[in-house]
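Please read the structure below before turning to the comments.
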Amino acid sequence: MKRILAICLATILVFSLFPAPAMADTSDIRVILDGVELEFDVPPMIINDRTMVPMRAIFETLGMEVEWDVSARNLFPANRYNADAITVIASKRVYGARSGTRYVAFQIGNRYMTVTTIWDLGGHRQSLSTIDVIESRLPQIIDNRTFVPLRAISQALDADVDWDEYTRTVTITTHEQINDYRLEGVWRLVRVSENVEWNPGVEIEQFEYMFLPDGTGVWSISGDNFDFSWNFTWETENNPWRNLLTAFDENGYTILSSFYYIYGNTLTFLNDLVLMESDFYQAFERID
């Protein structure tokens, strides 16, 4: 009897050394992307308080192309790449004052996920971040399906993620950038960089551009003691790596030449191809 009891105690001790597998909760989890509820062939799971979703479904819904088991050594810091692990890369075109491709790379069982953008112009590379995915939400294979942490993936694409515990709903807002670059309309100045200087003593109350579909426009500026406006003609150069606006006065002289991009209802002029690298910018809001 004592021998049997000893064996039972030893067995319990051995199994206590190994953590129990995480319990997956799949009951009634909703995912809303930009107001539209997503449907998955395999339901999302909550594992250790983290929402996990099928990898390919969420990437393709977010407009990303997926490559499986490829080499991604160049997208990882040297000390964070596991040559023996399965690697997944998801990529998507991104747009701003210039365009490029954003890569989200991770490995099954690797706690690090990298987010990198390579711009078209000259292949300039901008490493945005290396995300330390904590162990409770590592990308993992469950029943032959790869699940990834929804919040980490969404935020890699600059999306906002909210969780409603009461309705068990994840809401993702992508703030997708308008990419038609149409300038037609009226734009009012709302903010400038700190180094933008006006003439001494000039207090500007309102500064607007009006771009008309026929390639003409009106530039107006007003303050306490003045109110001026100028007519101009304008043209744009939009190609895969930059968006350039040029405006001319009635004599054909260039009065404005600037890189620009449109995000939602905001038009931004800047003197460099990337806003974060620019030391001068002006932002306008569409009012009509």
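Values in this text are rule-based calculations from the coordinates and carry no lab data. Every value quoted in this text rests on a predicted model; they were computed, and no experiment measured them. Neighbour counts are summed over all protein chains in view; Cβ atoms, including those assigned to glycine, are modelled from backbone coordinates with ideal geometry.
Ordering 42-50, 28-36 by mean Cβ neighbour count within 10 Å, with the highest value first, yields 42-50, 28-36. Working ranking of peptides 153-160, 207-214 by packing, defined as the average number of other Cβ atoms within 10 Å per residue, highest first, is 153-160, 207-214.
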